[in-house]
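Notes for the one structure printed next.
The values are calculated or read from the model by the stated rules, or taken from the named source; none is laboratory data. The structure displayed is predicted, hence computed values, not measured ones. Every residue, glycine among them, receives a Cβ derived from its backbone with ideal geometry; neighbour counts consider all protein chains shown.
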Amino acid sequence: MGKLWGGRFTKQTNHLVDEYTASIGFDQALAEEDIQGSLAHVTMLGKCGIVPQEDVETIKAGLQTVLDKIRRGEIEFSVADEDIHMNVEKNLIAEIGPVGGKLHTGRSRNDQVATDMHLYLRKRVVELAGMLHELQKSLIGQARDNLDTIIPGYTHLQRAQPILFAHHLMAYVSMFQRDIERLMDSYKRINVLPLGAGALAGTTFPIDRHFVAEQLQFDRVYENSLDAVSDRDFIVEFLSHASIIMMHLSRLSEELVLWSSTEFNFIELDDAFCTGSSIMPQKKNPDVPELVRGKTGRVYGNLMGLLTVLKSLPLAYNKDMQEDKEGMFDTVATLEGALQLFAPMIATMKVNKSRMREAVNQDFSNATDIADFLVGKGLPFRQAHEVIGKTVLYCIQQGKYLLDLTMEEFQQFSPLFDDTIYEVLRPETVVNARNVYGGTAMDQVAEAIKRGEVLLSMTEQWLAEHV
């Protein structure tokens, strides 16, 4: 049997062209969506009287048979049939005969493939939002368990001010909340139906695009047929959001790698998420966060790749646009793989509270509070800053920390010091002094955790409405 579009041609396509231009090697991942869209399309053809109802029922039964065979792995896809659409149609005709050819009435592969990808991404963004939600739950759980755990806060990877470990974790909850909200917002632009736009100009058949949209639960249809078949903004937007998610995961990965090192020893990842060395038996390698950190680059690359493909394309469809799928599939798989591992890895992470406290006691991260103390005594901040700089330098030269200094040593830098400075410098005091909305004080972090739990509930409601 020749190609379904072969009537215009007098020669068979060169087999190298078949292999080079075929997309079935990767777009077979759209088989479920392709048949889902076809079932809605043929139902509409029957409703509008374009195809006899008897033929519609035959085609629908045939499509279901083809889908069942695909799910059982009984269909061998053919490069000669180019893509998932032609492979499905050819198998449909093999099942029910020439009547299967009526399925393609009133549509083109251009609007068909666009519909498939809208259906595919619509489902995936909901799944990914759900996975991010699970990661947030793990982070909030660890934050709740470590509400009294103090850790050095860093800027420039230098110890800056002590903070609650829970406060640090809740920063990632906020990051991932923005990611979830971006996915939620993108759903509006994904959930638009291109089917019915034809190749580029619409169709002469009296189809009902809004009926198909209702069948497939799309919120609306594309207003312009040219835009419908050439728009890949929704994929670019997804790849952009995915890149931001991977960037956030990579930042957290970097900290997990650092924190689990002997030098930090702040946490220990569960054995289930680490590997060993083939030559050094003592090693416990944080391979999962390392690989997530590494895979961030490929997701960025997929975004750059599609932006480059689209940058000079005239309207409407061009074969270049076949390059829109592999990066999308790869990004979905990469994100799903990372998020499936991250939530349980965070949930099972052991926190070395004593080591964190030791680190806080052995640094100068409470120095800012001495400056604030002196300012409270009437000294201008710039002068207070200089006083504390000299005090810290003295400590470094003497091999001491601020809480080790005697009152006599303090007062050699300023007569404004008194015994209350020792309470001011306690890590708990330093942390709880930041009692402003969004700050690291224990009361503020406890409220942040409550707000995070409210966001979890809101996400759960959205997920339930969009599954």
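Out of Y154, Y172, one residue alone is within 16 Å of L249 (Cβ to Cβ) and either surrounded by fewer than 20 Cβ atoms within 10 Å (Cβ to Cβ) or not aliphatic (A, V, I, L, M) (or both). It is Y172. Among the conditions (1) of a type in the set (A, V, I, L, M); (2) surrounded by 16 or more Cβ atoms within 10 Å (Cβ to Cβ); (3) assigned to a loop (DSSP other than H, G, I, E, B), the only one that V436 does not satisfy is (2). Among the conditions (1) small (G, A, S); (2) touching a residue at least 60 places away in the same chain (Cβ under 8 Å); (3) closer than 30 Å to E127 by Cβ, the only one that A316 does not satisfy is (3). When P286 is tested against (1) crowded, with 19+ Cβ neighbours inside 10 Å; (2) within 30 Å of Q161 (Cα to Cα); (3) of a type outside the set (A, V, I, L, M); (4) in contact (Cβ under 8 Å) with a residue 40 or more places away in the chain, only condition (4) is not met. Condition check for A333 on (1) under 30 Å from Q398 (Cα atoms); (2) free of Cβ contacts under 8 Å to residues at least 24 places away in the same chain: one failure, at (1). Tell me yes or no: at least one residue of the stretch 260-271 is surrounded by 15 or more Cβ atoms within 10 Å (Cβ to Cβ) and in a helix (DSSP H, G or I). No: the stretch 260-271 contains no residue that is surrounded by 15 or more Cβ atoms within 10 Å (Cβ to Cβ) and in a helix (DSSP H, G or I). Going residue by residue through the stretch 91-98, is there one that turns out to be more than 30 Å from S457 (Cα to Cα), touching a Lys or Arg at 6+ places or on another chain (Cβ under 9 Å) and surrounded by fewer than 21 Cβ atoms within 10 Å (Cβ to Cβ)? Within the stretch 91-98, one or more residues are more than 30 Å from S457 (Cα to Cα), touching a Lys or Arg at 6+ places or on another chain (Cβ under 9 Å) and surrounded by fewer than 21 Cβ atoms within 10 Å (Cβ to Cβ). Applying the criterion of being farther than 19 Å from R144 by Cβ and not basic (K, R) to the residues of the stretch 422-433, the residue that is surrounded by the fewest Cβ atoms within 10 Å (Cβ to Cβ) is E423.
Here are some residues: V229, V257, V236, V173. Which one is of a type in the set (A, V, I, L, M), over 30 Å from G46 (Cα atoms), in a helix (DSSP H, G or I) and in contact with a Pro (Cβ under 8 Å, 6 or more places away or on another chain)?
Residue meeting the stated conditions: V257.
Annotation note: of L402, L393, L425, the sole residue that is farther than 28 Å from L164 by Cβ and among the hydrophobic types (A, V, I, L, M, F, W, C) is L393.
Of all residues in the stretch 362-387, how many are closer than 23 Å to W259 by Cα and either crowded, with 16+ Cβ neighbours inside 10 Å or in contact with an Asp or Glu (Cβ under 8 Å, 6 or more places away or on another chain) (or both)?
The initial filter retains those residues of the stretch 362-387 that are closer than 23 Å to W259 by Cα, namely 362-366.
Narrowing the set further to residues that are either crowded, with 16+ Cβ neighbours inside 10 Å or in contact with an Asp or Glu (Cβ under 8 Å, 6 or more places away or on another chain) (or both) leaves 363-366.
Counting residues in the stretch 362-387 that are closer than 23 Å to W259 by Cα and either crowded, with 16+ Cβ neighbours inside 10 Å or in contact with an Asp or Glu (Cβ under 8 Å, 6 or more places away or on another chain) (or both) gives 4.
Entry remark, the stretch 1-15: residues being within 23 Å of V66 (Cα to Cα) and either loosely packed, with under 12 Cβ neighbours inside 10 Å or modelled with pLDDT of 60 or more (or both) number 3 in total. Residue selection: H118 fails the criterion of being touching an Asp or Glu at 6+ places or on another chain (Cβ under 8 Å) and of a type outside the set (A, V, I, L, M, F, W, C). Whenever a residue of the stretch 233-249 is assigned by TED's automatic domain parsing to the domain that holds Y300, its partners that are aromatic (F, W, Y) and in a helix (DSSP H, G or I), lying with C-beta atoms within less than 6 angstrom and at least six residues away or across chains, give the pairs S243/Y300.
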